[in-house]
Amino acid sequence: MRKPLVAGNWKMNKTVEQATLLVADMLPGLEAVKTVDRVLCPPFTSLMVVSGMLAGTEVGLGSQNLHWEDSGAYTGEISPLMVKEFCKYVIIGHSERRAYFGETDETVNLKVKAAFANDLLPIICVGETLEEFEAGKTEDVVAGQVKRGFDGIDSDTAQKLIVAYEPIWAIGTGKASSPEQANDIIKNVVRKNLASLFGVGTAEKIRILYGGSVKSNNANEFFSQSDIDGGLIGGASLKPEDFTKIVEAAA
Ligand code: PEP
């Protein structure tokens, strides 16, 4: 059995003061749902204060990015050593990073290896654009992202991967994929390619999340699918009541 996981990606939202208020508001509700791994991913500036607030709880903390080098002349970047001072998780290769900041499957691969080398659990995002979806290229695109992104990782380590399938056309648009369609890609493309890289046994242990306009009113339908093990949540993770309901739906 794969334990469900729900992660909130706050993106570039919330000052430290706002983050403090938001966490205080949602923490009691999140703490109550023990059967789900719950993760908050605020901006870097709030990691320290949020990690203090989460201390002693089972709610995990994640960063939204990391560089693959431990230190050096990389202005504006953050190293795995800095991330791991506060976090257990790290989001890698989000479509916004790929689209606006030049991330590729090759840099994703370097970052995944750096995360594992530093005992961080990576949440790696894959997914196709609207154009690719309409051209019937979803399978090719997602399979390529999985193969290149996870190249050179051994099967034992791969069990700890967390993959988020996020069709880009569904992120922040209010247009979620249908739960059946998302499950089909997750099962027959993502998990199948993980099986050819790492073996069926390992692929069955890897948690695969769906992301893209998951809300409190549709979360149940996604999480009741056979191969969807939770969600990566953007907009709704900034709303305490909605996010808590999504976590409850995953339970
Ligand atoms: C995301 O940012 O990964 C995401 C899924 O966003 P939203 O839930 O707002 O579509």
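Taking only protein heavy atoms into account and a 1.4 Å probe, give the accessible area per residue of the range 5-250 in Å². Mind showing how you got there, number by number?
Values: 10630 Å² over 246 residues.
Roughly 43 Å² per residue, with all protein chains present.
Which distance in Å, rounded to a whole number, links the C-alpha centroids of the range 1-68 and the range 159-232?
With the range 1-68 and the range 159-232 each reduced to a Cα centre, they are spaced 21 Å.
Using the Karplus equation 6.51 cos²θ - 1.76 cosθ + 1.60 (θ = phi - 60°), what ³J(HN,Hα) coupling, rounded to whole Hz, does each residue of the range 167-176 give in order, writing x for Gly and Pro?
Using θ = phi - 60°, the values come out as x, 4, 5, 9, 7, x, 9, x, 9, 6 Hz.
Apply the Karplus curve 6.51 cos²θ - 1.76 cosθ + 1.60, θ = phi - 60°, to the phi angles in the range 5-15 and return the couplings in whole Hz, x for Gly and Pro.
9, 10, 10, x, 9, 6, 6, 8, 9, 5, 6
For Lys215 and Thr35 in the same chain, what is the full-extension length gain: residue separation times 0.36 nm, less their Cα-Cα distance, in nm? Numbers along the way, then the final one.
Working: separation 180, 0.36 × 180 = 64.80 nm, distance 1.96 nm.
Residue separation times 0.36 nm, minus the Cα-Cα distance, leaves 62.8 nm.
Round to a whole number: what % of the accessible area of the chain belongs to carbon and sulfur, probe 1.4 Å?
Numbers: 5700 of 11110 Å².
Answer for the chain is 51 percent, counting heavy atoms of protein chains only.
Whose amide H sits under 5 Å from the amide H of Leu5, counting only residues 5 or more places off or on another chain, with H placed in the peptide plane?
Amide H neighbours of Leu5, under 5 Å, 5+ apart: Asp37, Gly230, Gly231.
Lys/Arg Cβ at +1, Asp/Glu Cβ at -1, dipole of the range 5-250 taken about the Cα centre: which of Ser224, Ala158, Tyr74 is farthest positive-ward?
Ser224
Would you work out the charge dipole size for the range 101-240 about its Cα centre, treating the Cβ of every Lys and Arg as +1 and the Cβ of every Asp and Glu as -1, and quote it to the nearest 20 debye? Write down the numbers at each step before the final one.
Details: 14 positive and 20 negative charges, 78 e Å.
Result for the range 101-240 is approximately 380 debye, rounded to the nearest 20.
Which value, in debye to the nearest 20, describes the size of the charge dipole of the chain about its Cα centre when Lys and Arg Cβ atoms bear +1, Asp and Glu Cβ atoms bear -1, and nothing else is charged?
340 debye
Quick one: 3J(HN,Hα) in Hz for the range 119-134, Karplus 6.51/-1.76/1.60 with θ = phi - 60°, rounded, Gly and Pro as x.
With coefficients 6.51, -1.76 and 1.60, one gets 6, 9, 9, x, 10, 9, 9, 10, x, 9, 7, 4, 4, 5, 4, 5 Hz.
Put a dot 7 Å past each Cα toward the Cβ at Asp25 and Met48; how far apart are the dots in nm?
About 2.5 nm separates the two model spin labels.
Search the structure for amide H atoms under 5 Å from the amide H of Val90, placed 1.01 Å from N in the peptide plane, and list their residues when 5 or more places away or on another chain.
Excluding prolines and chain starts, which carry no amide H, the hits are Ser63, Leu121, Ile123.
Between Thr15 and Ala135, what is the label-to-label distance in nm when each label sits 7 Å out along the Cα-to-Cβ direction?
4.4 nm
For the chain, which span is the longest to avoid every loop-located (per DSSP) member of chymotrypsin sites (Phe, Trp or Tyr not before Pro) having at most 13 other Cβ atoms inside 10 Å?
On the way: sites that count: Tyr74, Phe101.
Result, exposed sites excluded: 102-251.
The values are calculated or read from the model by the stated rules, or taken from the named source; none is laboratory data. This structure is a prediction, so every number in the text was calculated from the model and none was measured. All Cβ positions, even for glycine, are placed from backbone atoms using ideal geometry, and neighbour counts span all protein chains on display. For the accessible areas, the whole protein counts, side chains as well, though only heavy atoms, and no ligand, DNA or RNA atoms are used. Shrake-Rupley method; radii C 1.70, N 1.55, O 1.52, S 1.80 Å.
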